[in-house]
Amino acid sequence: MRADLTELCRQLRLAHVVDYVAQHPDKEMGQWVEQLLLAERDGRRRAKLGKLVQQAGFPHLKTFDGYVENHITYPEGSSLDRLREMEWLEQRENLLLMGAVGTGKTHMATALGIEACRQGHAVQFYRASDLVAVLQEKFAAGTLSRFREKLKKLELLILDEVGYVPFSQSGSELLFNVIADCYEQQSVIVTSNLEFGQWTSIFGDTKLTSALVDRLVHHAHILSFTGDSFRLKQAMERIPQI
Ligand SMILES: Nc1ncnc2c1ncn2[C@@H]1O[C@H](COP(=O)(O)OP(=O)(O)OP(=O)(O)O)[C@@H](O)[C@H]1O
Ligand SMILES: [Mg+2]
């Protein structure tokens with residue numbers, strides 16, 4: 001019990017509570033103080049989670065409750081449970097979620113992003129084309145360096161939907177620089193409907209595309225999503241049976 005209180009005070013950075021309780025060996029008071037500090041710690045954790053999730057800018061809040069995963073191929077030794085332990089994030093490794101439309105890539109990226117927030121990590125979610133637009137805007141306003149410094153403070157950058165909208169040359173270069181900044185410093189989750197061989201059609205330049213893919217895949221877990229679109233399946237289920 002006293003050990004728990006010491007640990008709680010350490011977590012909450014309370015320097016004198018343990019001594020006070022030790023000088024007043026009243027068992028009930030010790031328990032009461034511990035309950036109070038547990039409430040404070042849990043409240044702080046909830047507030048921090050709320051702030052991190054809000055800052056991350058997820059378009060929808062998704063969790064792994066009811067998440068089906070029999071259509072996903074993981075790299076050897078990997079699984080959804082392993083990914084949820086977040087070791088890849090501690091190691092600054094990337095996750096590349098590749099596959100067909102509507103198969104749950106954005107859902108998984110979001111749910112992992114929320115779990116990262118739950119563990120106290122700073123996360124930012126962008127649709128890739130939106131990030132490119134922001135980068136171009138910051139470049140035009142002369143505030144790009146400041147914005148890139150802000151991105152460098154993240155622990156996880158989620159780039160959703162690489163592949164649906166091709167980028168201009170300047171957009172590709174700006175995005176390349178962000179990914180180069182992240183290399184071995186921060187984790188990136190990318191979702192894409194295109195295989196790497198087709199990425200030149202998005203980024204234009206062959207050399208830039210291969211340098212970008214090289215950086216992303218160097219320390220990465222590549223997951224392959226197959227099967228039919230969940231959106232389509234859900235729409236079909238809504239059609240009345242004859
Ligand atoms: N494995 C799953 N289990 C349960 N629901 C899922 C699963 N995958 C996706 N869904 C639901 O299906 C819908 C489409 O999923 P999502 O947007 O993640 O697909 P996507 O692979 O990102 O598609 P796109 O390539 O079009 O962006 C969402 O409403 C999502 O919550
Ligand atoms: Mg998606």
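No value in this document is a laboratory result; all are computed from the given coordinates. Values in this document were obtained by computation on a predicted structure and should not be read as measured data. Ideal geometry is used to build each Cβ from the backbone, glycine not excepted, and the neighbour counts take in all protein chains shown.
Over region 2-53, the reciprocal of the mean inverse Cα-Cα separation, the Kirkwood hydrodynamic radius, stands at 11.7 Å.
The residues neighbouring S170, those whose beta-carbon lies less than 13 Å from its own, together hold a net charge of -2 under the Lys/Arg +1, Asp/Glu -1 convention. Rounded to the nearest 0.05, the FRET efficiency derived from the C-beta distance between Q91 and K207 at R0 = 22 Å is 0.20. With the simple model of a label 7 Å out from the Cα in the direction of the Cβ, D4 to A22 spans 2.0 nm.
Who wins for biggest fluctuation among Q186, Q136, Q31 in a Gaussian network model of the chain, springs between alpha carbons below 10 Å? Result for the chain, Cα springs under 10 Å: Q31 fluctuates most.
Going from the residue with the fewest nearby Cβ atoms within 10 Å to the one with the most, F64, F203, F225 rank F64, F225, F203. All other residues whose Cβ lies under 15 angstrom from that of I222 are scored, Lys and Arg at +1 and Asp and Glu at -1, for a net of -1. Over the chain, DSSP H runs of length four or greater, each weighted -39,500 (n - 2.57), average out per residue to a 222 nm ellipticity of -17000 deg cm²/dmol. Expressed as a fraction of 2.2 N^0.38 Å, the rule-of-thumb size for a compact globular protein of N residues, what is the C-alpha radius of gyration of the chain? Rounded to two decimals, the normalised Rg is 1.26. Summarising the label geometry, the points placed 7 Å from Cα in the beta-carbon direction at N177 and Q136 lie 1.5 nm from one another. At an R0 of 22 angstrom, the distance between the Cβ atoms of R231 and H60 translates into a FRET efficiency of 0.95. Working ranking of peptides 151-163, 167-179 by packing, defined as the average number of other Cβ atoms within 10 Å per residue, highest first, is 151-163, 167-179. As a length-normalised measure over Cα pairs under 8 Å and 6 or more apart, the relative contact order of region 72-236 settles at 40 percent. Computing FRET efficiency as 1/(1 + (r/R0)^6) for L80 and H218, where r is the C-beta to C-beta distance and R0 is 25 Å, gives about 0.65.
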